[in-house]
Amino acid sequence: DFFDETAAARMREGDKVLFLFQKTDKSRKHLTQEDFYPIGLNGMIESVDDDGDITVRTENRMDIESILVSEHEIFAQAVIREDIHDVDDNTRQVSLDAMKKRLYEFLQKFPWGLMARAYVNRWKSAEECVTALSSYLTLETEEKYHILEVDKDSERLELIEQALYGFI
């Protein structure tokens, strides 16, 4: 709701963005810091097309230190949340390739599958995969947030795989 056409019109390739996740369904004028989860994501605008569609590459999980809500903007201070890297690059790639393969098989069932396959093919990480599919996953909001808050790569990868294979 906060990302309106006016904001989209100001977005440019290379701009940094911070995604905050709201716990509650409240209007902006009633929001406080307690209405947001304490972890968000930062990213960079990769492209903005002529229709105003924006492609964002997520980069890091962020600890949200403070949030101030005004009438027209939300201001947040955040620092990078460190991951516990306990999965090597090869294992991550094998897992991502397996997820993509299962998705490709699933997508063959639908007339629009070829178009979706090109979208899936662009994903470079399991986190990107689950972010792109988050609105389709049969997870409660708290379960989705739990994936975001887990610090260990191995645990997060396992949760992502479970969510994706549950969707398929």
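The values are calculated or read from the model by the stated rules, or taken from the named source; none is laboratory data. From a predicted model like this one, the values you see are computed outputs, not experimental measurements. We place every Cβ from the backbone using ideal geometry, glycine too, and count neighbours over all the protein chains shown. For the accessible areas, the whole protein counts, side chains as well, though only heavy atoms, and no ligand, DNA or RNA atoms are used. Shrake-Rupley method; radii C 1.70, N 1.55, O 1.52, S 1.80 Å.
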**OP:** Using the structure shown, decide if residue 134 is at pLDDT below 95, surrounded by fewer than 16 Cβ atoms within 10 Å (Cβ to Cβ) and hydroxyl-bearing (Ser, Thr, Tyr).
**Re:** yes
Original post:
Mind checking which residues of the range 41-56 are surrounded by fewer than 16 Cβ atoms within 10 Å (Cβ to Cβ), assigned to a strand (DSSP E or B) and touching a residue at least 24 places away in the same chain (Cβ under 8 Å)?
Top reply: 44, 46, 47
**OP:** Among residues belonging to the range 6-26 that are part of a loop (DSSP other than H, G, I, E, B) and more than 25 Å from residue 149 (Cα to Cα), point out the one that is modelled with the lowest pLDDT.
**Re:** 11
Original post:
So which helices (runs of 4 or more DSSP H) stay within the range 99-168 end to end and still have 2 or more residues that are in contact with a strand residue (DSSP E or B) (Cβ under 6 Å, 6 or more places away or on another chain) and under 26 Å from residue 86 (Cα atoms)?
Top reply: 141-149
Original post:
Considering only residues of the range 71-118 that are loosely packed, with under 12 Cβ neighbours inside 10 Å and either hydroxyl-bearing (Ser, Thr, Tyr) or over 25 Å from residue 164 (Cβ atoms) (or both), which is farthest from the chain's Cα centre (by Cα)?
Top reply: 71
**OP:** Could you figure out which of (1) surrounded by 13 or more Cβ atoms within 10 Å (Cβ to Cβ); (2) over 15 Å from the mean Cα position of the chain (by Cα); (3) closer than 16 Å to residue 154 by Cα isn't true of residue 61?
**Re:** (2)
Original post:
Give me the pairs: first residue in the range 137-151 and in contact (Cβ under 8 Å) with a residue 60 or more places away in the chain and closer than 11 Å to residue 39 by Cβ, second residue open to solvent by 30 Å² or more (accessible area, probe 1.4 Å) and not in a helix (DSSP H, G or I), beta-carbon distance under 8 Å, and six or more apart or on different chains, which are they?
Top reply: 145/21; 148/21; 151/81; 151/82; 151/83; 151/84
Subject >> Residue identified as touching a Pro at 6+ places or on another chain (Cβ under 9 Å) and not basic (Lys, Arg) among 63, 89 >> reply: 63
Subject >> Single condition residue 35 does not satisfy, out of (1) modelled with pLDDT of 85 or more; (2) within 17 Å of the chain's Cα centre (by Cα); (3) open to solvent by less than 50 Å² (accessible area, probe 1.4 Å) >> reply: (2)
Original post:
Checking residue 68 against (1) modelled with pLDDT of 85 or more; (2) open to solvent by 70 Å² or more (accessible area, probe 1.4 Å); (3) within 29 Å of residue 126 (Cβ to Cβ), which test does it fail?
Top reply: (3)
